[in-house]
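For reference, the structure is listed below as structure tokens.
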Amino acid sequence: MELRSPARAVAAGLALATGVAALPAVADGTLPLDPSRFPDPSKLLSDAVVSSSVRTVGALGDHRPYDPASLSPDGAGFELGAEVSLVHVPAAFKTALSDAGLTSASNLPDAVPVPRIHLRKRFGKATSIGLSGIKYRNYQIFGGDVKFVMAQPEEGPGWALRLAYSTATLGFVSTTTITPQFVVSRALDFFEPYVGGGWQLCSGKVDISSATPAGLSPKSRTGSASQGIGFLGIAYKPKDMLIQFALEGAFNTGGAPTLGVRTGINL
């Protein structure tokens with residue numbers, strides 16, 4: 001696909017840099033998810049550590065579309081962008097790691113940045129599909145969503161149903177998150193405020209194989225968690241403009257609220 005002007009190429013580079021710049025903060029030890037840092041790695045398979053780890057990484061890795069209910073009327077249909085979300089680290093997760101023997105658990109940050117690259121494509125008059133992902137060292141997240149626009153009147157609010165899916169691996173924790181959502185928005189001349197909610201269904205595994213001597217077991221344990229979410233945002237999508245911008249804050253009943261931004265371009 002060809003960019004419409006050199007300015008779009010510059011904008012694409014800026015959008016991608018927004019996400020990549022935040023990678024080292026997550027991948028280089030912001031969250032101590034290396035089993036070798038614990039005196040007794042087997043304690044990482046306790047109920048408290050497994051459940052809080054799956055809940056926390058599942059929330060970190062959840063695919064966040066940063067997208068209102070409507071579809072663009074011009075049908076251009078393809079967006080490229082980058083997201084950086086600041087995700088609060090739940091207190092229960094810090095406590096579980098401390099109880100497992102991590103002496104520096106009290107020094108963990110209150111929030112960590114989670115970057116991702118985004119793609120979105122419109123299909124027909126009422127459907128779009130979004131993809132997101134990033135891979136850097138021991139940190140990787142991939143996800144996507146499908147959005148079905150149920151109503152998009154010329155006047156008044158419209159609404160849509162969305163189903164998001166993501167997988168995440170961070171250190172010794174790997175998760176899968178499924179999030180059904182609804183979103184309501186009101187398209188105005190230059191921007192579109194939106195609000196929505198849903199439910200995160202997280203499942204995953206804590207794996208300490210890299211720090212467990214051969215012949216000893218167990219080396220891993222699975223767990224699951226679920227939590228409600230609510231979000232409020234505003235998308236800046238003016239017609240015939242290069243740059244798109246969305247700002248969103250979200251509440252999470254599992255103790256992992258988020259605040260983030262997605263920048264991008266319409267190709």
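The values are calculated or read from the model by the stated rules, or taken from the named source; none is laboratory data. Since the model is a prediction, treat every value here as computed from it, not as a measurement. With ideal geometry, Cβ positions are generated from the backbone for all residues, glycine too; neighbour counts draw on all protein chains shown.
Test T18 against the stated conditions and say whether it is at pLDDT below 90, outside any helix (DSSP H, G or I), buried (at least 16 other Cβ atoms within 10 Å of the Cβ) and of a type outside the set (A, V, I, L, M). No; evaluated as a whole, the condition is false for this residue.
What residue, among those in segment 78-101 that are in contact with a Phe, Trp or Tyr (Cβ under 9 Å, 6 or more places away or on another chain) and either of a type in the set (F, W, Y) or part of a strand (DSSP E or B) (or both), is surrounded by the fewest Cβ atoms within 10 Å (Cβ to Cβ)? Result: S85. Considering only residues that are without any contact (Cβ under 8 Å) to a residue 60 or more places away in the chain and closer than 17 Å to N266 by Cα, look in segment 102-123 and name the one that is farthest from the chain's Cα centre (by Cα). Once the filter is applied, the top-ranked residue is F123.
Give me the residue from segment 102-139 that is hydroxyl-bearing (S, T, Y) and not in a strand (DSSP E or B) and, out of that set, modelled with the highest pLDDT. Here the answer is T103.
The set of residues in segment 29-69 being among the small types (G, A, S), in a loop (DSSP other than H, G, I, E, B) and buried (at least 24 other Cβ atoms within 10 Å of the Cβ) consists of A69 alone.
Taking each residue of segment 149-171 that is free of Cβ contacts under 8 Å to residues at least 40 places away in the same chain and looking for partners that are among the aromatic types (F, W, Y) and surrounded by fewer than 16 Cβ atoms within 10 Å (Cβ to Cβ) with beta-carbon atoms closer than 6 Å, six or more apart or interchain, yields L161/F148; L161/F182.
Residues of segment 185-215 that are in contact (Cβ under 8 Å) with a residue 60 or more places away in the chain and exposed (fewer than 13 other Cβ atoms within 10 Å of the Cβ): S210 alone.
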